[in-house]
Amino acid sequence: MFLQAILAGQRAAAVQVAREALRDGTSLQSLYLDVFQPALYEVGARWEANQLTVAQEHIATAITQFVMAQIYEPPRQQSTRGTVLMTGVEGELHNIGAVMVGDLLETSGWNVRFPGTNLPTTAILSEIRETAPTYVGISATMLFNVAAARELIRAIRRDFGDRPRVMVGGAAFRSNRVRRRRASPLGRGPHRPAAGDD
Ligand code: B12
């Protein structure tokens, strides 16, 4: 239903599907992960198979972002658990996954700051200096951004030691090449991407 709506370019119908699901008791997390995410993956697969034009893909994506903004209600109470800076490296244009993670963390009591995924390292470092987050979340979809993510983690460690903690996520880290590297005898921690995976 949601997929049909975004593929047909029907914004109102997509909002309605999402609102009705929430009204029927579907959680925000389930809506994000079980409805929107698979729909976007399907859009990507069809686009890759030339079954969708670039414009159709862009419209489906824009509608999903619109729906997310329509239904998401930031919690009113003050966060108690700490601050998470969600971001990515310069050149990473995929940001919906990072928004989802940020929204879900925010509804779990974290104060989330999200300047976008496409951010220069210097801007990220100065944001960390200003706001002293507990975690920095780095989102990467494109494999060619993994090496830059690794450099970013190095820069964070160089300037701030082992706080903030760093978490990484996104499709780039699910790729077989990155997983193989992570399992290598170099013994990299689960939140540390390996170099040269681009
Ligand atoms: C929308 C989209 C775009 C939009 C992005 C708009 C936006 N504002 O985000 C635009 C048009 C900009 C775009 C551009 C490109 N795209 Co694109 N895009 C997509 C598409 C269709 C959906 C992405 C998405 O939102 N997915 C849904 C989210 C919810 O999933 P997610 O990102 O995986 O996030 C989840 C987890 O990974 C995780 N997560 C994510 N981040 C983080 C961070 C942390 C800290 C944690 C803990 C977890 C976490 O949590 C999220 C929720 O579960 C995908 C298809 C796909 N399979 O994803 C292609 C896709 C990713 N794109 C692809 C490509 C090739 C490109 C381009 C190179 C196309 C081009 N020729 O220009 C460019 C590259 C741009 C760049 N430099 O980054 C390919 C990548 C193939 C590959 N592996 O290399 C895909 C897979 C399409 C395909 N099937 O071929 N794209």
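The values are calculated or read from the model by the stated rules, or taken from the named source; none is laboratory data. All values reported here derive from a predicted model rather than from experimental measurement. Here the Cβ is made from the backbone with ideal geometry for all residues, glycine too, and neighbour counts use every protein chain on show.
I'd like to know if the stretch 51-70 contains one or more residues that are within 17 Å of the chain's Cα centre (by Cα), of a type in the set (Ser, Thr, Tyr) and more than 18 Å from Gln10 (Cβ to Cβ).
No: zero hits.
For the stretch 72-96, which residues satisfy the criterion of being on the phi < 0 side of the Ramachandran plot, within 15 Å of the ligand (Cβ to nearest atom) and surrounded by fewer than 21 Cβ atoms within 10 Å (Cβ to Cβ)? Step through it out loud before you land on a result.
First pass over the stretch 72-96, keeping only residues on the phi < 0 side of the Ramachandran plot: 72-81, 83-90, 92-96.
Among the residues that remain, those that are also within 15 Å of the ligand (Cβ to nearest atom) are: 72, 83-90, 92-96.
Those that are on the phi < 0 side of the Ramachandran plot, within 15 Å of the ligand (Cβ to nearest atom) and surrounded by fewer than 21 Cβ atoms within 10 Å (Cβ to Cβ): Tyr72, Thr83, Glu90, Leu93, His94, Asn95, Ile96.
For Met1, which of the numbered conditions (1) more than 28 Å from Thr107 (Cα to Cα); (2) modelled with pLDDT under 95 fails to hold?
If we test Met1 against (1) more than 28 Å from Thr107 (Cα to Cα); (2) modelled with pLDDT under 95, just (1) comes out false.
Collect the residues in the stretch 116-151 that are in contact with a strand residue (DSSP E or B) (Cβ under 6 Å, 6 or more places away or on another chain), free of Cβ contacts under 8 Å to residues at least 40 places away in the same chain and of a type outside the set (Val, Ile, Thr), keeping them in residue-number order.
Leu119
Restricting attention to the stretch 129-152, which residues are surrounded by 19 or more Cβ atoms within 10 Å (Cβ to Cβ), out of contact with any His (no Cβ under 6 Å at 6 or more places or on another chain) and either aliphatic (A, V, I, L, M) or assigned to a loop (DSSP other than H, G, I, E, B) (or both)? Before you say what the answer is, go through the steps one by one.
Filtering the stretch 129-152 down to residues surrounded by 19 or more Cβ atoms within 10 Å (Cβ to Cβ) leaves 133, 135-141, 145-146, 148-150, 152.
Next, from what is left, pick out any that are out of contact with any His (no Cβ under 6 Å at 6 or more places or on another chain): 133, 135-140, 145-146, 148-150, 152.
Across the stretch 129-152, the qualifying residues are Pro133, Val136, Ile138, Ala140, Val146, Ala148, Ala149, Leu152.
Working only within the stretch 61-103, note down all residues that are in contact with a Lys or Arg (Cβ under 9 Å, 6 or more places away or on another chain) and either in a helix (DSSP H, G or I) or among the hydrophobic types (A, V, I, L, M, F, W, C) (or both).
Narrowing the stretch 61-103 to residues in contact with a Lys or Arg (Cβ under 9 Å, 6 or more places away or on another chain): 62-63, 66-67, 70-71, 83-87, 102.
Across the stretch 61-103, the qualifying residues are Ala62, Ile63, Phe66, Val67, Gln70, Ile71, Val84, Leu85, Met86, Gly102.
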